[in-house]
Amino acid sequence: MTSKKTGTGAKSADVITCKITTHLPHYSHHADADNRHMVNVTATTTCTKKVARLSIRVGLYKNGNLYKQSSLKSNTGRNKIGQNAARRCVKKQKYTGYAKGVVTFPAGYTPHTKTVRDESKSATINACKKK
């Protein structure tokens with residue numbers, strides 16, 4: 001998804017391209033007892049230049065049903081943002097990640113805001129333990 005600077009003096013180089021990527025859900029084993037045996041999905045939005053604002057929310061789906069939704073994360077004046085959703089692993093289940101975000105471009109760019117979405121491929125997690 002791109003946004004172009006418009007108006008007097010705008011150059012062809014005045015283009016910002018942003019992409020949202022939802023990564024494959026995976027089993028996540030951490031030493032911290034509160035985070036043991038979790039399924040985790042992460043997503044990032046990356047832009048070629050800094051933008052006015054980025055926001056992102058990530059959902060983890062188990063067998064097609066929402067299993068965990070992250071809080072909305074936002075930042076200003078950056079070109080990247082990431083967020084994750086994680087919940088206790090249930091073996092032999094199919095997990096999918098979904099991310100939705102909003103990019104607000106700097107003044108003078110058209111479009112000024114754009115909603116971005118992405119869905120990961122599905123991953124079946126057969127065992128909830130470290131390999």
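The values are calculated or read from the model by the stated rules, or taken from the named source; none is laboratory data. All values reported here derive from a predicted model rather than from experimental measurement. Counting neighbours? That spans all protein chains shown, and the Cβs are built from the backbone with ideal geometry, glycine included. Please note that ligands, DNA and RNA were not included when accessible areas were found on the heavy atoms of the full protein model with its side chains. Shrake-Rupley method; radii C 1.70, N 1.55, O 1.52, S 1.80 Å.
Applying the criterion of at least 1 residues that are under 26 Å from S3 (Cα atoms) to the strands (runs of 3 or more DSSP E) found wholly in the stretch 32-131 leaves 38-47, 53-62, 73-76, 80-88, 93-104, 113-119.
Output the qualifying pairs, or none if there are none: Cβ atoms under 7 angstrom, residues six or more apart or on different chains, first residue in the stretch 82-98 and open to solvent by 50 Å² or more (accessible area, probe 1.4 Å), second residue part of a strand (DSSP E or B) and of a type in the set (K, R). Close Cβ pairs satisfying both conditions: R87/K68; V90/K62.
Annotation: of all residues in the stretch 1-31 being among the hydroxyl-bearing types (S, T, Y) and part of a loop (DSSP other than H, G, I, E, B), the one that is modelled with the lowest pLDDT is T8. Say whether the condition of being open to solvent by less than 50 Å² (accessible area, probe 1.4 Å) and either within 19 Å of K19 (Cα to Cα) or hydroxyl-bearing (S, T, Y) (or both) is met by at least one residue in the stretch 121-131. No - not one qualifying residue is present in the stretch 121-131.
Taking R53 as the residue in question, decide whether it is over 21 Å from S120 (Cα atoms), at pLDDT 95 or above, open to solvent by 20 Å² or more (accessible area, probe 1.4 Å) and within 18 Å of the chain's Cα centre (by Cα). Answer is yes for this residue. Within the stretch 1-14, residues that are within 20 Å of K114 (Cα to Cα) sit with their Cβ atoms under 9 Å from residues that are surrounded by 14 or more Cβ atoms within 10 Å (Cβ to Cβ) and modelled with pLDDT under 60, at 6+ positions apart or across chains, in these pairs: K4/A10. Of all the listed residues (G108, G101, G77), the sole one being modelled with pLDDT of 95 or more and open to solvent by 30 Å² or more (accessible area, probe 1.4 Å) is G77. Looking across L66, L72, L60, one residue alone is loosely packed, with under 14 Cβ neighbours inside 10 Å, within 16 Å of the chain's Cα centre (by Cα) and touching a residue at least 12 places away in the same chain (Cβ under 8 Å). It is L72.
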